[in-house]
Structure formats: C-alpha cells, structure tokens
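All remarks here apply to the structure that follows.
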Amino acid sequence: MTDAKAEPVLLHRSGDVCVLTLNRPEKRNSANYAMQRLILETLHAVGRDPGVRALVLAGAGPSFCAGGDLSDLEAAGEGRLPEMEAWGRMQLDMMRALLEFPFPAIAAVQGAAAGFGAALAASCDIVVAAEDAMFWDPHVKYGVPASLILQLVWPRLTSLAVVRDLLMTGRKVGGAEAVGLGLAGRLCARGEALSTALQVAGDFARMPPGGLATMKRGFNRAILKDLAEYRSV
C-alpha cells in the first residue's frame, strides 16, 4: 500500500475546492523532473474535473517551493534526463494550465518561492504571501536566463525597472515587499498562508463562475499569446 505522505504531489478536494500540495518538505519542495511531471499530470486532472471551482497551490512544511532540483541539472547534462529544452517546455505547459483554468488558482506562499516556485506562484490568479515568504529567481547566478514565466508575468504586475532589478541580480523579495511591489496580492501572518488561501478559494467557489472565467481569460490573453509564440519557435 502506498504511503500518501511519501508522494511528492498530493491532491485533496473539499467540496468545490482542490488543494494541490507540493510534498517534498525535506528538500524545501524543490521539484525534480519526476515531481514536475506529476505536477503537470495533476493539473491536467484538475482541469478535466467540471466540479472544481477553485484551486489552491501550497507547499508542505516551511517552504512553498525552493525551485528545481539542482541535482537534475547534472543528470540532464549527462543524458540521464530529457534535454533542458524539453524540460522547459514541460514547465511552460504547467504554467499554461494554471493560466487557462476557467476557475481561479490561488498560491499559498510561505518560506521560499524560488525560480520554478516563483513561476508557479506567478501563474496563479491570487498570490497569498506570508510574512516569511521570500520570492526570487537565482538562474542568472548560474549563467542562464530567469524563468520565462517571470519575464512575462512580473512586468505586468509591477514596473519593468523593478523586474530588471530582481531578475538580473537574483535579489530576494520578502512577503511584505512583494505585496508592496504588486507581485503578491495579500499579506498574512507567518503560518497562515494556507488558511488564508483556503478562505479566498471558498469565497470564489461561492460566486457564479461565469464572470470570473471571463475576467481570467481577459487578464491572461496577452501572456498566453506570448507563450504560444515562444512554444512555436
């Protein structure tokens, strides 16, 4: 019998609300290739469920998601995992799923939200940031560009000057500053990100879905167009 606690991705549904939990707390929920594939599969399953009215994305333990698993970079370079280009397309498919859902997605961010984790949060409609949340993208320090999702989404939430500062230096932004800059929508006390996100999701689930779906399509239309152009290259 499989121990649910050992699964790297957990999905729980309560009424109209689904909670997808990144469950690798010993690694600060850093996502290796296998875990990212499972995230994508789980998102597709949620998207096929006509009864879902809101999705909460959360992390087990003190961190939301500390990014990708760096050990997989070496494995990809040695040919033991798909090439980085294919891996990148899979990540974009995850973000596109969150952007295309007809219902709201809410990120419950506490602790680290780095790189891939920051991109997951940015792909959600509402970002709830605890006081101990920390957003950043360290890719530039490894000689590679920052997440494409962050390059596309963050300039639509704050100024291009701010985004250049963050992505070109890898600077970390705390929860309060993230809300002040517009990268997160709500600030909550440490340890209350999930409960706050669940309250927001419950409010959404009680609303008529049509207006929310229409607004979401409008908000994300330009981002999805840019993603489609990148995907076709």
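Odds and ends about this structure:
- Taking each residue of the stretch 121-134 that is in contact (Cβ under 8 Å) with a residue 60 or more places away in the chain and surrounded by fewer than 22 Cβ atoms within 10 Å (Cβ to Cβ) and looking for partners that are in a loop (DSSP other than H, G, I, E, B) and aliphatic (A, V, I, L, M) with beta-carbon atoms closer than 9 Å, six or more apart or interchain, yields ILE126/ALA184.
- For the stretch 178-214, a residue qualifies if it is over 18 Å from the mean Cα position of the chain (by Cα) and either of a type in the set (Val, Ile, Thr) or modelled with pLDDT under 95 (or both), and exactly one does: THR214.
- Filter result for PHE204 (touching a residue at least 12 places away in the same chain (Cβ under 8 Å) and in contact with a Pro (Cβ under 7 Å, 6 or more places away or on another chain)): yes
- Meets criteria (surrounded by fewer than 20 Cβ atoms within 10 Å (Cβ to Cβ), without any contact (Cβ under 8 Å) to a residue 24 or more places away in the chain, β-branched (Val, Ile, Thr) and over 21 Å from LEU99 (Cβ atoms)) for VAL144: yes
- Conditions (1) closer than 15 Å to PHE64 by Cβ; (2) modelled with pLDDT of 95 or more: number failed by LEU157: (1)
- Tally, over the stretch 41-59, of residues that are crowded, with 17+ Cβ neighbours inside 10 Å and either more than 19 Å from MET207 (Cα to Cα) or β-branched (Val, Ile, Thr) (or both): 8
- When ARG217 is tested against (1) closer than 18 Å to LEU98 by Cβ; (2) within 17 Å of the chain's Cα centre (by Cα); (3) charged (D, E, K, R), exactly one condition is not met: (2).
- Of the residues contained in the stretch 191-198, one or more are found to be surrounded by fewer than 21 Cβ atoms within 10 Å (Cβ to Cβ), in a helix (DSSP H, G or I) and among the β-branched types (Val, Ile, Thr).
- Scanning the stretch 128-154 for residues that are aliphatic (A, V, I, L, M) and in a strand (DSSP E or B) gives VAL128, ALA129, ALA130, MET134.
- Single residue of the stretch 155-187 satisfying the filter (touching a Phe, Trp or Tyr at 6+ places or on another chain (Cβ under 7 Å) and assigned to a loop (DSSP other than H, G, I, E, B)) that is surrounded by the most Cβ atoms within 10 Å (Cβ to Cβ): LEU183
- The sole residue among ASP132, ASP137, ASP165, ASP72 that is charged (D, E, K, R), modelled with pLDDT of 95 or more and farther than 27 Å from LEU55 by Cα is ASP165.
The values are calculated or read from the model by the stated rules, or taken from the named source; none is laboratory data. Since we're looking at a predicted model, the values are computed, not measured. Positions of Cβ are backbone-derived with ideal geometry, glycine not excepted, and every protein chain shown enters the neighbour counts.
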